[in-house]
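Chemist: Right, I'll just put the structure down here and ask away after.
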Amino acid sequence: MTNTYDAIVVGGGHNGLVSAAYLARAGLRTVVLERRATTGGAATTEQPWPDLPGVSVTRLSYVMSLMPPTILRDLQLERHGYRVHPMGPYYQAFPEGGSLTIFEDDPERTRDQIRKWSSKDARAWDGWNAWLERLAAVMSPLLLTVPPDIGSHSPADVAALAKLVWRNRGVDSRTAADIARLMTMSIADLLDDWFESPQVKGALAVNGVIGTWAGPFEPGTAYVMAHHSIGDVGDGQLGSWGYPEGGMGAVADACRRSAESFGVEVRVSTPVESLLVTNGRVEGAVLASGEELRAPLVVTSLHPRTAFLEQVGPAHLPDDFVRDIERWRTRSGVVKVNLAIDRLPSFTADPTDGQAEHHTGSVEMAPTMEFIERAFLDAREGLPAAAPFSDGVIPTTLDTTLNPDGPHIFSLFTQWVPADWAAEPHTEELDAYADRVIDLYDEVAPGFRDSVIARDVVGPHEMETEYGLVGGNIFHGELSVEQLFHLRPAPGYADYRTPVAGLYYASSATHAGGGVCGIPGMQAAKAALNDARGSRWSRRRLLGTGAR
């Protein structure tokens, strides 16, 4: 193997693979270095049960919002196997009886469902969606916008900020106020403004807390809801949630095949020990084996603490940047519970013998906002949730390629356990926690517990040590107001560049990260290619870089 390249990409998750594909597409000889034996990172399809050979599970990330058509088209991902089955409706069966089904594509059926719980809320439904769509028209294009360096006086940054302001010159005072409220309010307060039914508010609060170290009554969770709910990525395509055919690992596989079709070399089981930095410029990477690879351009897609504090090293970074990364919040409390079940659940509220429409979408355990809040408060007080919140899906109802001969897979994204559980395995406690999750579903679907033939419980410690998700955080950093847009991952460095010349950043800890979308990988590659074409490095970066 050669040890000299035009570009090195550290990390073979989906963002790293997307970035590598763009670099190679532009003609750069590119290598991807992945610590694990497989690529994909958290977008992984695995077979965790030796007693069930061939039974595949999408082990961590579990659904995706459709990638921007730009990435699909540029990287020809569909030709390389990318397929997504749009999910069915949201479904919640309630312990006290009854159920609620929300059909994203059928407002009339949804109003009929909501009317069972509140006529007022049924009347409010269309207004709520119109309000979200109005905000989406402003916010969605921002997902593909490179954040300007607000406060910089360089002509390029001032021009970028002016361009952003000009593009939004049509925003009226009401919309601006609504966006400010969305960014600062709790999802609970926002939903209280619109709805009265605890059942409806519980359903809509789910997207405000997914993967977040915050309950629904915490300020900022209204924005988290918008991040997951506003599906247009600003690229002409209304997004939706769906099951990738073959599981989430198939998405990463399509990205890898695309990258390799452009000539990318992928090295797995190849951990990087450190990056080579001389006089403020990156020169390559040192592998754990001691081998050195050289390249004038490096893209890293790892967690910011790993990428900068461990592999670059504080001595090569400005003091204020080091402090920002040291203070980067990356708590989670998420536990992924994957179940193999020999039959689909039959809910008391909606009995079935076999598959029904409500099995094909989100099968939730989030009956009220208070239920969700209590789960978070337990964890914040240092205890695993007594009654965990769960966002569940059964992808095998639509993706028949995953396990064509059975069993069904019930994928439960649950919250919360204490944030410090990332430091230790807590195996026995996690098993008891999973028992409680199963019991909650058994309460509304009697016999569910008996249908479970295998389970795979992934806690924060395994997420961190095996998959590189520090703190178990699926976004590489919390989606809180102080960690968004021009502050992600640090002030002055939200444009996918870093304080080190030639080093670019492509993890979910950058703007638009959070979810499997590939945008950070694409943007980092574009930044690198733009700089390479101009044969320059930003003057403000050179002035800002200094040794400690």
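The values are calculated or read from the model by the stated rules, or taken from the named source; none is laboratory data. Since we're looking at a predicted model, the values are computed, not measured. Note that each Cβ is placed from the backbone with ideal geometry, even for glycine, and that neighbours are counted across all protein chains shown. These area figures cover heavy atoms from the full protein model, side chains too; ligands, DNA and RNA do not enter into them. Shrake-Rupley method; radii C 1.70, N 1.55, O 1.52, S 1.80 Å.
Chemist: Select, from Glu96, Glu78, the only residue that is under 20 Å from Thr400 (Cα atoms) and open to solvent by 40 Å² or more (accessible area, probe 1.4 Å).
Modeler: Matching residue, one of Glu96, Glu78: Glu78.
Chemist: Right, next: Considering each of Ala349, Ala356, Ala385 in turn, give the residue that is out of contact with any His (no Cβ under 6 Å at 6 or more places or on another chain) and open to solvent by less than 20 Å² (accessible area, probe 1.4 Å).
Modeler: Ala385
Chemist: Is it true that Gln483 is within 21 Å of Glu326 (Cβ to Cβ) and not hydroxyl-bearing (Ser, Thr, Tyr)?
Modeler: yes
Chemist: Then there's this: Only one of (1) within 23 Å of Thr510 (Cα to Cα); (2) open to solvent by less than 60 Å² (accessible area, probe 1.4 Å) is not met by Asp178, so which one is it?
Modeler: Going through (1) within 23 Å of Thr510 (Cα to Cα); (2) open to solvent by less than 60 Å² (accessible area, probe 1.4 Å) one by one, Asp178 breaks only (1).
Chemist: Let me ask another. Counting only residues that are in a loop (DSSP other than H, G, I, E, B) and open to solvent by less than 10 Å² (accessible area, probe 1.4 Å), which one in the range 443-468 is farthest from Gly514 (Cα to Cα)?
Modeler: Ala445
Chemist: Taking the range 132-152, which residues are within 24 Å of Ile187 (Cβ to Cβ) and open to solvent by 40 Å² or more (accessible area, probe 1.4 Å)?
Modeler: If the condition is that a residue be within 24 Å of Ile187 (Cβ to Cβ) and open to solvent by 40 Å² or more (accessible area, probe 1.4 Å), then Glu133, Arg134, Ala137, Pro141, Leu142 are the ones that fit.
Chemist: What are the residues in the range 1-24 that are among the polar types (S, T, N, Q) and surrounded by fewer than 20 Cβ atoms within 10 Å (Cβ to Cβ), if any?
Modeler: Once the filter is applied, which keeps residues that are among the polar types (S, T, N, Q) and surrounded by fewer than 20 Cβ atoms within 10 Å (Cβ to Cβ), the range 1-24 yields Thr2, Asn3, Thr4.
Chemist: What is the one condition in (1) over 28 Å from Val55 (Cα atoms); (2) open to solvent by 20 Å² or more (accessible area, probe 1.4 Å); (3) touching a residue at least 24 places away in the same chain (Cβ under 8 Å) that Glu429 does not satisfy?
Modeler: Of (1) over 28 Å from Val55 (Cα atoms); (2) open to solvent by 20 Å² or more (accessible area, probe 1.4 Å); (3) touching a residue at least 24 places away in the same chain (Cβ under 8 Å), only one is false for Glu429: (1).
Chemist: Across the range 30-60, what is the total count of residues that are open to solvent by 50 Å² or more (accessible area, probe 1.4 Å) and either basic (Lys, Arg) or over 20 Å from the mean Cα position of the chain (by Cα) (or both)?
Modeler: The total comes to 6.
Chemist: Now for a different question. Given the criteria at positive phi and either touching a helix residue (DSSP H, G or I) at 6+ places or on another chain (Cβ under 7 Å) or open to solvent by 10 Å² or more (accessible area, probe 1.4 Å) (or both), does Gly27 qualify?
Modeler: Criteria met by Gly27.
Chemist: Look at Thr110 and say whether it is closer than 19 Å to Trp241 by Cα and either open to solvent by 20 Å² or more (accessible area, probe 1.4 Å) or in contact with a helix residue (DSSP H, G or I) (Cβ under 8 Å, 6 or more places away or on another chain) (or both).
Modeler: yes
Chemist: Is there any pair linking a residue in the range 326-337 that is at pLDDT 95 or above to one that is among the β-branched types (Val, Ile, Thr) and assigned to a helix (DSSP H, G or I), with Cβ under 6 Å and at least six apart or on different chains, and which?
Modeler: Final answer for the pair search is Thr330/Val470; Val337/Val437.
Chemist: Select, from Ala156, Ala214, the only residue that is aliphatic (A, V, I, L, M) and within 24 Å of Val417 (Cβ to Cβ).
Modeler: Sole residue among the options that is aliphatic (A, V, I, L, M) and within 24 Å of Val417 (Cβ to Cβ): Ala214.
Chemist: Please work out if Ser274 is open to solvent by 10 Å² or more (accessible area, probe 1.4 Å), within 30 Å of His80 (Cβ to Cβ), in contact with a helix residue (DSSP H, G or I) (Cβ under 6 Å, 6 or more places away or on another chain) and among the hydroxyl-bearing types (Ser, Thr, Tyr).
Modeler: No; evaluated as a whole, the condition is false for this residue.
Chemist: Let me ask something else. Looking at the range 432-440, is at least one residue more than 25 Å from Leu302 (Cβ to Cβ), among the hydroxyl-bearing types (Ser, Thr, Tyr) and out of contact with any Cys (no Cβ under 9 Å at 6 or more places or on another chain)?
Modeler: Looking through the range 432-440, at least one residue is more than 25 Å from Leu302 (Cβ to Cβ), among the hydroxyl-bearing types (Ser, Thr, Tyr) and out of contact with any Cys (no Cβ under 9 Å at 6 or more places or on another chain).
Chemist: Just checking, does the range 406-416 include any residue being open to solvent by less than 10 Å² (accessible area, probe 1.4 Å) and of a type in the set (A, V, I, L, M)?
Modeler: yes
Conditions tested, residue by residue: (1) at pLDDT 95 or above; (2) open to solvent by 10 Å² or more (accessible area, probe 1.4 Å); (3) in contact with a Phe, Trp or Tyr (Cβ under 8 Å, 6 or more places away or on another chain).
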position: Tyr493; (1), (2), (3): yes, yes, yes
position: Tyr496; (1), (2), (3): yes, no, yes
position: Gly502; (1), (2), (3): yes, no, yes
position: Gly513; (1), (2), (3): no, no, yes
position: Arg541; (1), (2), (3): no, no, no
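Chemist: Can you name every residue in the range 181-196 that is surrounded by fewer than 20 Cβ atoms within 10 Å (Cβ to Cβ) and either of a type outside the set (A, V, I, L, M, F, W, C) or under 25 Å from Ser99 (Cβ atoms) (or both)?
Modeler: If the condition is that a residue be surrounded by fewer than 20 Cβ atoms within 10 Å (Cβ to Cβ) and either of a type outside the set (A, V, I, L, M, F, W, C) or under 25 Å from Ser99 (Cβ atoms) (or both), then Arg181, Thr184, Asp189, Asp192, Asp193, Trp194, Glu196 are the ones that fit.
Chemist: Sort out which residues of the range 147-176 are out of contact with any Leu (no Cβ under 7 Å at 6 or more places or on another chain) and of a type in the set (A, V, I, L, M), and write them in order of number.
Modeler: If the condition is that a residue be out of contact with any Leu (no Cβ under 7 Å at 6 or more places or on another chain) and of a type in the set (A, V, I, L, M), then Ala156, Val158, Ala159, Ala160, Leu161, Ala162, Leu164, Val165, Val171, Ala176 are the ones that fit.
Chemist: Another question, then. Residues of the range 174-198 being of a type in the set (S, T, N, Q) and over 25 Å from the mean Cα position of the chain (by Cα), which ones?
Modeler: Listed by number, the residues that qualify are Thr175, Ser197.
Chemist: For Leu52, indicate whether it is under 14 Å from Ile409 (Cβ atoms) and touching a Pro at 6+ places or on another chain (Cβ under 8 Å).
Modeler: Criteria met by Leu52.
Chemist: Identify the single condition in (1) more than 30 Å from Asp495 (Cα to Cα); (2) surrounded by fewer than 17 Cβ atoms within 10 Å (Cβ to Cβ) that Phe103 does not satisfy, given that it satisfies every other one.
Modeler: (2)
Chemist: So Ser332 clears everything in (1) within 20 Å of Met463 (Cα to Cα); (2) open to solvent by 50 Å² or more (accessible area, probe 1.4 Å); (3) of a type in the set (S, T, N, Q) except one condition, right? Which one?
Modeler: Of the numbered conditions (1) within 20 Å of Met463 (Cα to Cα); (2) open to solvent by 50 Å² or more (accessible area, probe 1.4 Å); (3) of a type in the set (S, T, N, Q), the odd one out for Ser332 is (2).
Chemist: Do you know which residues across the range 479-497 are touching a helix residue (DSSP H, G or I) at 6+ places or on another chain (Cβ under 6 Å) and hydroxyl-bearing (Ser, Thr, Tyr)?
Modeler: Tyr496
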